[in-house]
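Heads up: the structure comes next, in structure tokens.
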Amino acid sequence: MTYGDYQNQIHLRGLQGVMPRFAVAAADLEAAAAAAMAPSVWTYVAGGAGDERTQRANVTAFERRGIVPRMLVGASDRDLSVDLFGMHLPSPLFLAPVGVLGVAAQDGHGDLATARASARTGVPMVASTLSEDPLEAVREAQGDTPGMFQLYTPTDRDLAASLVRRAEDAGYAAVVVTLDTWVTGWRPRDLQTANFPQLRGAALANYLSDPAFLAGVPVPTDPRSVIEHWTRVFGNPLRWEDLAWLRGLTDLPLVLKGICAADDARRAVDAGVDGVYVSNHGGRQANGVPAIDLLPEVVAAVGDDAPVLFDSGVRSGTDVVTALALGATAVGLGRPYVHGLALGGTDGVEHVVRSVLAEADLLMAVNGFPDLAALRTADVRSIPAW
Ligand code: FNR
């Protein structure tokens, strides 16, 4: 079975009169999700920083790249597997951390639904600190598929240590520390609707289940007191000096998300970080930060010393292949799987993941790249305009 076989399954079902349940193209899926989701959830997922040029540019930056195909390779047996932080993964795709997964699903448990899709597909999930179900339950729902825990480092060091310890105990394979969100970027859509889910109590399960957090809440029975305390501890403006403390919190592989400058990447690896994760947070935090354009510089700076993860603007298997050819070790999918989740829970996420993997696999077949090592030798061209 190859990932590309998903297209045969769809066609065979068609012969039996059964059409695909979900849209196949990312844009169609997004339009369907926009129509189906509650407006406040939709604007939170779709919106970004400033005039949102960054999230648009993330997508067009992929559209302006192409790979020179190689013929007579006979890439009939493809191997998309990759070794990452001690995990042997069947593909280089992972589910990027998304903090409102819970409410994006109809039953309010989207983190669990996504985790179940991860279990079904073997594609690891990076579970966000901001979730509707505690990280232990999310990990359990991931079954035999390994997972990573994403930490928003709180200002309270005891709470940070507690969250990391819980992630270790729950069996996560790595800790991904997101650096670009200690303060929320200026997001006009959320401001226009005065909508910030966490202030309304959403996605706080990891805090409410944490003794170190609860110990600091003046009146734990009062929701307002809880949320006020959360706003006090949420965002830690980390500095390089803090990295040794962070490193010392765990023996698990430590990954820094939001590193985009080559110098920062090199410095992080030299300081003992196990991986860097190039991302502009899908254009939700800083406006005007490139993402895929910076990936090759980061890859060159890090060399073979650490894997480089990437997300931001990945909408298809073609984009996954492009990011891999530009040097990413693994590629994160963000908003598209949230659209699948909103439309069909676990089945919806599974469909999106299988579609992306099928497209990537078939593109590698057609272009003559049997595995990721071959893909890294690909000649990637810039296309000013189609
Ligand atoms: C995010 N992202 C994010 N990142 C993170 O480290 N922790 C989090 O809790 C969240 N939450 C979150 C919520 C929503 C609604 C979105 C869309 C994104 C960023 C995410 O991991 C990833 O970087 C982006 O989604 C990539 O951009 P695209 O490809 O989804 O546009």
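Please verify whether VAL217 is over 23 Å from ALA174 (Cβ atoms), touching a helix residue (DSSP H, G or I) at 6+ places or on another chain (Cβ under 8 Å) and either surrounded by fewer than 17 Cβ atoms within 10 Å (Cβ to Cβ) or in contact (Cβ under 8 Å) with a residue 12 or more places away in the chain (or both), treating the condition exactly as stated.
Values: over 23 Å from ALA174 (Cβ atoms): yes; touching a helix residue (DSSP H, G or I) at 6+ places or on another chain (Cβ under 8 Å): yes; either surrounded by fewer than 17 Cβ atoms within 10 Å (Cβ to Cβ) or in contact (Cβ under 8 Å) with a residue 12 or more places away in the chain (or both): yes.
Yes: the conditions hold for VAL217.
Taken as a whole, region 222-230 holds at least one residue that is in contact with a strand residue (DSSP E or B) (Cβ under 9 Å, 6 or more places away or on another chain), among the aromatic types (Phe, Trp, Tyr) and modelled with pLDDT of 95 or more. Only a single item in (1) assigned to a loop (DSSP other than H, G, I, E, B); (2) within 16 Å of the ligand (Cβ to nearest atom); (3) surrounded by 16 or more Cβ atoms within 10 Å (Cβ to Cβ) is not met by VAL276, and it is number (1). Within region 321-339, being within 14 Å of the ligand (Cβ to nearest atom) and either hydroxyl-bearing (Ser, Thr, Tyr) or closer than 24 Å to VAL273 by Cα (or both) holds for THR322, ALA323, ALA328, ALA330, VAL331, GLY332, LEU333, GLY334, TYR337. The residues of region 71-101 that are within 15 Å of the ligand (Cβ to nearest atom) and either among the aromatic types (Phe, Trp, Tyr) or over 15 Å from ASP371 (Cα atoms) (or both), listed by number, are PHE94, LEU95, ALA96, PRO97, VAL98, GLY99, VAL100, LEU101.
Would you confirm whether or not region 213-232 contains a residue that is under 23 Å from the mean Cα position of the chain (by Cα) and polar (S, T, N, Q)?
Applying the first criterion (under 23 Å from the mean Cα position of the chain (by Cα)) to region 213-232 yields none.
The answer is no, given that none of the residues of region 213-232 is under 23 Å from the mean Cα position of the chain (by Cα) and polar (S, T, N, Q).
Report whether or not VAL138 is within 11 Å of the ligand (Cβ to nearest atom) and either in a helix (DSSP H, G or I) or over 23 Å from ILE227 (Cα atoms) (or both). The answer is no for VAL138. Of the residues ALA25, ALA31, ALA46, the single one that is closer than 30 Å to GLN198 by Cα, more than 15 Å from the ligand (Cβ to nearest atom) and among the hydrophobic types (A, V, I, L, M, F, W, C) is ALA31. Here region 121-135 is the region considered, the condition is being outside any strand (DSSP E or B), within 19 Å of ALA330 (Cα to Cα) and of a type outside the set (Gly, Ala, Ser), and the residue that is farthest from the chain's Cα centre (by Cα) is THR121. For region 318-354, the candidate set comprises residues that are within 17 Å of VAL59 (Cβ to Cβ) and among the hydroxyl-bearing types (Ser, Thr, Tyr); within that set, the residue that is surrounded by the most Cβ atoms within 10 Å (Cβ to Cβ) is TYR337. When GLY303 is tested against (1) free of Cβ contacts under 8 Å to residues at least 24 places away in the same chain; (2) within 16 Å of the ligand (Cβ to nearest atom), exactly one condition is not met: (2).
Based on this model, can you work out whether SER162 counts as farther than 22 Å from LEU357 by Cβ, surrounded by fewer than 21 Cβ atoms within 10 Å (Cβ to Cβ) and in contact (Cβ under 8 Å) with a residue 40 or more places away in the chain? Criteria met by SER162. Here is a check on your reading of the model: is VAL338 in contact (Cβ under 8 Å) with a residue 40 or more places away in the chain, over 19 Å from VAL176 (Cβ atoms) and part of a helix (DSSP H, G or I)? So VAL338 does not fit the description; no. The residues on offer are ASP347, ASP293, and the sole one that is over 30 Å from ASP77 (Cβ atoms) and acidic (Asp, Glu) is ASP293. Quick check on region 355-368. Is at least one of its residues surrounded by fewer than 24 Cβ atoms within 10 Å (Cβ to Cβ) and within 18 Å of the chain's Cα centre (by Cα)? Among the residues of region 355-368, not one is surrounded by fewer than 24 Cβ atoms within 10 Å (Cβ to Cβ) and within 18 Å of the chain's Cα centre (by Cα), which makes the answer no.
Just a yes or no: is a residue in region 236-249 touching a Gly at 6+ places or on another chain (Cβ under 6 Å) and either more than 28 Å from GLY48 (Cα to Cα) or outside any loop (DSSP other than H, G, I, E, B) (or both)?
yes
Could you name every one of the helices (runs of 4 or more DSSP H) located completely within region 153-214 that has at least 1 residues being closer than 18 Å to GLU132 by Cα and among the small types (Gly, Ala, Ser)?
157-170, 205-208
If you go through region 279-305 and keep only what is surrounded by 23 or more Cβ atoms within 10 Å (Cβ to Cβ) and not in a helix (DSSP H, G or I), you end up with SER279, ASN280, ARG284, GLN285, ALA291, ILE292. Condition check for ALA342 on (1) within 21 Å of ALA117 (Cα to Cα); (2) in contact with a helix residue (DSSP H, G or I) (Cβ under 6 Å, 6 or more places away or on another chain); (3) more than 14 Å from the ligand (Cβ to nearest atom): one failure, at (3). Scanning region 306-320 for residues that are more than 13 Å from the ligand (Cβ to nearest atom), within 26 Å of ASP28 (Cβ to Cβ) and assigned to a loop (DSSP other than H, G, I, E, B) yields no hits at all.
The values are calculated or read from the model by the stated rules, or taken from the named source; none is laboratory data. Here the structure is a predicted model, which means the values were calculated and not measured. All Cβ positions, even for glycine, are placed from backbone atoms using ideal geometry, and neighbour counts span all protein chains on display.
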